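The values are calculated or read from the model by the stated rules, or taken from the named source; none is laboratory data. Here the structure is a predicted model, which is why all the values come from computation and not from measurement. FYI the Cβ positions are ideal-geometry reconstructions off the backbone, even for glycines, and counts take in every protein chain you see.
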Amino acid sequence: DQQVKQNSPSLSVQEGRISILNCDYTNSMFDYFLWYKKYPAEGPTFLISISSIKDKNEDGRFTVFLNKSAKHLSLHIVPSQPGDSAVYFCAASERNTDKLIFGTGTRLQVFP
Amino acid sequence: GAGVSQTPSNKVTEKGKYVELRCDPISGHTALYWYRQSLGQGPEFLIYFQGTGAADDSGLPNDRFFAVRPEGSVSTLKIQRTERGDSAVYLCASSPGQGTQYFGPGTRLLVL
């Protein structure tokens with residue numbers, strides 16, 4: 001049973017445009033959400049997070065939106081850059097636990 | 001170094017052999033996590049240490065898998081009687097207690 005789902009395995013965006021990566025979850029006990037970025041042959045790198053008490057968190061070009069009623073979150077990257085090309089993982093954890101539940105990832109390609 | 005390090009970076013072994021994978025967390029981080037990532041999947045939680053003790057080992061797939069952290073710093077993941085299905089990237093992460101998890105580059109295990 002996949003508790004965190006990333007239904008788009010890949011996304012292709014032109015440089016300068018907005019990239020929107022989506023993530024859905026089924027577990028209503030999740031209260032903390034994160035996005036990680038992964039380059040080939042490297043470990044995941046933390047990008048941005050959001051607590052369930054918020055609906056938006058912004059850090060530079062990256063913004064995460066959380067819609068609790070829809071159990072949906074999204075990562076917006078604007079403007080997209082070629083260096084953003086990587087696999088993006090959505091992850092979630094329950095209150096008072098530390099284990100992260102990951103989605104299957106979305107491969108983002110930003111082309112010139 | 002400043003980040004999480006893992007050794008070896010690659011390990012090839014034969015079915016039935018024993019392997020040990022090592023993780024050096026970020027200095028001062030009390031929490032340490034092991035995840036396993038199979039091809040096309042997101043990282044899957046295995047075990048979590050807070051200090052020297054395993055706080056949550058619910059992700060270990062069976063009793064062939066065991067992990068230790070005797071001095072609250074370096075951790076070793078041990079796999080007995082390896083099977084072809086154990087082939088994956090084994091990721092280690094650390095955090096300063098609860099909070100963002102920082103991942104190492106992983107050990108790529110191939111069981112022939």
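Specify which of the listed residues (B:Ser9, B:Ser5, B:Ser75) is among the polar types (S, T, N, Q) and either without any contact (Cβ under 8 Å) to a residue 60 or more places away in the chain or closer than 21 Å to A:Glu94 by Cα (or both). Going through B:Ser9, B:Ser5, B:Ser75 in turn, just one is among the polar types (S, T, N, Q) and either without any contact (Cβ under 8 Å) to a residue 60 or more places away in the chain or closer than 21 Å to A:Glu94 by Cα (or both): B:Ser75.
For first residues located in region A:50-66 and surrounded by 14 or more Cβ atoms within 10 Å (Cβ to Cβ), partners that are modelled with pLDDT of 95 or more and of a type in the set (Ser, Thr, Tyr) and lie 6+ apart or on another chain with Cβ distances below 6 Å form the pairs A:Phe65/A:Ser74. Looking across region B:72-93, the residues that are among the polar types (S, T, N, Q) and either modelled with pLDDT of 95 or more or under 10 Å from the mean Cα position of the chain (by Cα) (or both) come down to B:Ser75, B:Thr76, B:Gln80, B:Thr82, B:Ser87. Close contacts from region B:91-109, counting a first residue that is more than 16 Å from B:Ala2 (Cα to Cα) and surrounded by 24 or more Cβ atoms within 10 Å (Cβ to Cβ) and a second that is small (Gly, Ala, Ser) and at pLDDT below 95, with Cβ to Cβ under 7 Å and a gap of 6+ residues or different chains, come to B:Leu91/A:Gly43. Strands (runs of 3 or more DSSP E) fully within region A:55-112 that include at least 3 residues being within 14 Å of chain B (Cβ to nearest Cβ) and at pLDDT 95 or above: A:86-94. Hey, B:Arg22 hits all of (1) within 12 Å of chain A (Cβ to nearest Cβ); (2) surrounded by 14 or more Cβ atoms within 10 Å (Cβ to Cβ) but one; which does it fall short on? Condition not satisfied by B:Arg22: (1).
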